[in-house]
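Single-structure report; data block below.
The values are calculated or read from the model by the stated rules, or taken from the named source; none is laboratory data. No experiment lies behind these values; they were computed from the predicted model shown. Don't worry about glycine lacking a Cβ; one is built from the backbone with ideal geometry, like all the others, and counts go over all protein chains shown. In case anyone asks, the SASA skips ligands and DNA or RNA and just uses the protein heavy atoms, side chains included. Shrake-Rupley method; radii C 1.70, N 1.55, O 1.52, S 1.80 Å.
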Amino acid sequence: MSQFLLSLLSGIFIGGAAGFLGSLMLPKRMSLVAGPLGHLALPGIALALIYGFDISLGAFPFVILGIFLIWLFERKTKLPAEALTAVVFATGVAVAFFFLPIEQAEAALVGDISSVHLGDAVFAIAICVAISFVVEIIYPKMTLINVSEDIAKSQKINVGKYNLVYLLLIALIVALGVKVVGGLLTAAIVAIPAVTSRNLAKSLAQYKFLALIFGILSSAVGIFLSQFTSLPAGPLIIVSSAFLFLISIFLKR
Amino acid sequence: MDNAILRVKDLNVKFDGEEVFIGLSFNVDEGEVLAILGPNGAGKTTLLKALLGIVPYEGTVEWREGVKVGYVPQRLPFIKDVPLSVKEFFRLKNASENEAIEILKSIGLGEEILGKKIGDLSSGQFQRILIGWALASDPNVLLFDEPLAGIDIGGQESVYNLLEKLKEAKNLTILFVTHELSVVYRLADRVLCLNKRMLCMGAPKEKLTPEAISNLYASPIKFYQHKHQEGEIS
């Protein structure tokens, strides 16, 4: 299989899963969370680049560690989660710069899907399929939780359990996302397809579906453009996604 | 000859160490319509949540075995963040399209509303949809938080009529929270006056004397001034 096709497939699956999951994060007002989580994955990304293993594998433990620290600090201090997130993610970025090999800084910050290995690609695609599958399963209950936690609890839905699964999915998609768009841009791959879809959808079914499609489409367009322009794919994906959003504003009724 | 569907005994709820209400004890009979009346901040919504078991409490809340409770919260500010159609909203509760249509009929709405977005409904329509949604699992008991709040006058009348109809048509037990006296007189068999503790309970016409009402709506009761009186309550 050609390297281009491998990159394209990985990008499409990661972009689609991110858009799909992002459609659950938008009503929960959590679209931005993927940003700081991506930033604090940077030390893991740096380690992966130094030792030459899959950067998603490097990123994942740091994302989980970050989520855990924010949760722990929130419990201990009762300070707002967003302030604690700022503490944790900025520290992550700072630490990463102590040992991030400077010639690979671009790959770490804005991603590099162009050189993905076969094994890593297969692994990423499998995880994306699994993420999308789980998102589809939890979608109705999560939607109810997003609408009203009280109603959900009165229906005997275990809100804590669903939120935990949901957070885990976010951690996974961020770890995969850094491969495509780097540690800086992960918020965009979950947020933009969802808001674009939100502008156009008339029902939940359309909203979910369009978020997935816009995630796939922007990844595909970005990776194609990268092939022809030799600009990095990550930023091109985000710009394509933003362009679709702009179009959706004018189509919105 | 015990017809109680709900028994509440010595119910207390605290948030962060501060008491929301204390010492509530009452029973609700099957088929009864109970109004929970009180000023803002009296603990009415929290009482409903305690009855539903979604906030931690002390004391006992005992529903008759096998009872199904439907809940209609006061506001759903986030529902407009999700582009839900009415049909999809019902599907979140596993209600089939036919079931949804049946329910819509019983709440006076046509099936053409199924395709509408929740965000595009009028306040009265939305409230009726919420009530219909609570009816979808065939509950024996409905808990309502301010069923008429924030609805325009025309919509209010339709919700009134619906509640009266439900009261007669089904053997539903209804508990609703309100701060409006008119709703209590019109719908309730009994009223529970709540302002941090129970101030009266019984038929509205007997219990809601001018004195009782001014007492109920007097400035919020401070527990520390009244602790020595706890034994006298009830």
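Computed quantities for the displayed model
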| quantity | calculated |
| --- | --- |
| Given A:LYS208/B:LYS49; B:LYS9/B:LYS68; A:LYS28/B:LYS105; B:LYS170/B:LYS205; B:LYS68/B:LYS167; A:LYS153/B:LYS167, the pairs whose alpha carbons are separated by over 23 Å | A:LYS208/B:LYS49; A:LYS28/B:LYS105; B:LYS170/B:LYS205; A:LYS153/B:LYS167 |
| Per-residue average of Cβ from other chains inside 10 Å of B:68-78 | 3 |
| Low-density loop cleavage sites - GluC sites (Glu not before Pro) in segment B:151-180, where at most 15 other Cβ are within 10 Å (DSSP) | B:GLU180 |
| Tensor-based shape of segment B:90-220 (alpha-carbon gyration tensor, a/c under 1.5 rounded, otherwise prolate or oblate) | prolate |
| Within a Gaussian network of chain A (alpha carbon springs, distance under 10 Å), most fluctuating of A:VAL159, A:VAL180, A:VAL239 | A:VAL159 |
| GNM result for chain B, Cα springs below 10 Å: residue of B:LEU84, B:LEU143, B:LEU216 fluctuating most strongly | B:LEU84 |
| Size of charge dipole - segment B:92-221 - debye, nearest 20, with Cβ of Lys, Arg +1 and Asp, Glu -1, no other charges | 420 debye |
| Segment A:179-237: relative contact order in percent, alpha carbon pairs under 8 Å with at least 6 residues between | 35 percent |
| In order through segment A:180-193: 3J(HN,Hα) via Karplus (6.51 cos²θ - 1.76 cosθ + 1.60), integer Hz, x for Gly, Pro | 8, 10, x, x, 8, 10, 4, 4, 5, 6, 8, 7, 5, x |
| Using θ = phi - 60° and Karplus 6.51 cos²θ - 1.76 cosθ + 1.60, couplings along segment B:67-79 (whole Hz; Gly, Pro as x) | 6, 10, 10, x, 10, 10, x, 5, 9, 10, x, 8, 5 |
| Sequence of A:ILE67, A:ILE247 from largest to smallest accessible area, 1.4 Å probe | A:ILE247, A:ILE67 |
| Where the protein assembly as shown is the region considered: accessible area per residue in Å², 1.4 Å probe | 46 Å² |
| Residues A:GLN104 and B:GLU58, FRET efficiency given R0 of 35 Å [Cβ-Cβ distance, rounded to 0.05] | 0.05 |
| FRET efficiency, 1/(1 + (r/R0)^6) with R0 25 Å, evaluated for B:ALA169 and B:ASN98 via beta carbons | 0.85 |
| Sequence-separation-based contact order of chain A, relative, with Cα cut under 8 Å and 6+ spacing, percent | 35 percent |
| Long-range HN-HN contacts of B:PHE21 with modeled amide H, under 5 Å | B:VAL13 |
| Separation of alpha-carbon centers, segment B:155-189 and segment A:76-129, rounded to whole Å | 56 Å |
| Positive-end residue, the protein assembly as shown charge dipole about Cα centroid, Cβ charges, pick of A:LEU79, A:LEU32, B:LEU175 | A:LEU32 |
| A:LEU225 - accessible surface, heavy atoms, 1.4 Å probe, Å² rounded to 10 | 80 Å² |
| Cα lying deepest toward the dipole's positive end in segment A:154-253, options A:GLN227, A:ILE247, A:LEU204, charges on Cβ | A:LEU204 |
| Accessible area, probe 1.4 Å, largest first, for residues A:HIS39, B:HIS179 | B:HIS179, A:HIS39 |
| In Hz, Karplus ³J(HN,Hα) per residue of segment A:212-225 (6.51, -1.76, 1.60; θ = phi - 60°; x = Gly, Pro) | 4, 5, 5, x, 5, 4, 5, 4, 4, 4, x, 6, 4, 4 |
| At most 16 other Cβ within 10 Å, DSSP loop - GluC sites (Glu not before Pro), segment B:1-69 | B:GLU30, B:GLU65 |
| Between 0 and 90°, nearest 10: helix B:97-106 axis offset from chain B longest Cα axis | 60 degrees |
| Reach of A:LYS202 by Cα under 14 Å, taken over aspartates and glutamates that are not fewer than 8 positions away in the same chain | B:ASP81, B:GLU88, B:ASP120 |
| Cα long-axis angle, helix B:123-135 against chain B (0 to 90 degrees, to the nearest 10) | 80 degrees |
| Percentage relative contact order, chain B, counting C-alpha pairs under 8 Å, at least six apart | 27 percent |
| Loop trypsin sites (Lys or Arg not before Pro), segment B:164-223, which have at most 13 other Cβ atoms in a 10 Å radius of their Cβ (DSSP) | B:LYS222 |
| Under-5 Å amide H pairs with B:ILE36, H placed in peptide plane, nonlocal only | B:PHE176, B:VAL177, B:THR178, B:LEU192 |
| Cα shape, the protein assembly as shown, gyration tensor, a/c 1.5 rule | prolate |
| Cα centre as origin, Lys/Arg/Asp/Glu Cβ charges: chain A dipole, Debye | 1060 debye |
| Modelled FRET efficiency - R0 51 Å, B:VAL67 with A:ALA83, Cβ distances, 0.05 increments | 0.70 |
| Pair B:LYS9, A:LEU246: separation of 7 Å Cα→Cβ label points (nm) | 6.9 nm |
| Simple spin-label estimate for B:ASP189 and A:GLU136 in nanometres, 7 Å along Cα-Cβ | 4.8 nm |
| Overall Cα dimensions of chain A - principal axes, largest extent first, Å | 53, 46, 31 |
| Solvent accessible area, Å² - A:SER230, 1.4 Å probe, full protein context | 110 Å² |
| Gyration tensor verdict on segment A:1-80 (Cα atoms; rounded if a/c is under 1.5, prolate if a/b is larger than b/c, oblate otherwise) | oblate |
| C-alpha long axis of helix B:153-169 to longest principal axis of chain B, angle in ° | 80 degrees |
| Dipole magnitude of the protein assembly as shown about its Cα centre (Cβ charges: Lys, Arg +1; Asp, Glu -1), debye to nearest 20 | 320 debye |
| Sequence of A:PHE224, B:PHE144 from largest to smallest accessible area, 1.4 Å probe | A:PHE224, B:PHE144 |
| Partnerless Cys - the protein assembly as shown, beta-carbon criterion under 4.7 Å | A:CYS128 |
| A:ILE249 accessible area, assembled protein chains, probe 1.4 Å, Å² | 80 Å² |
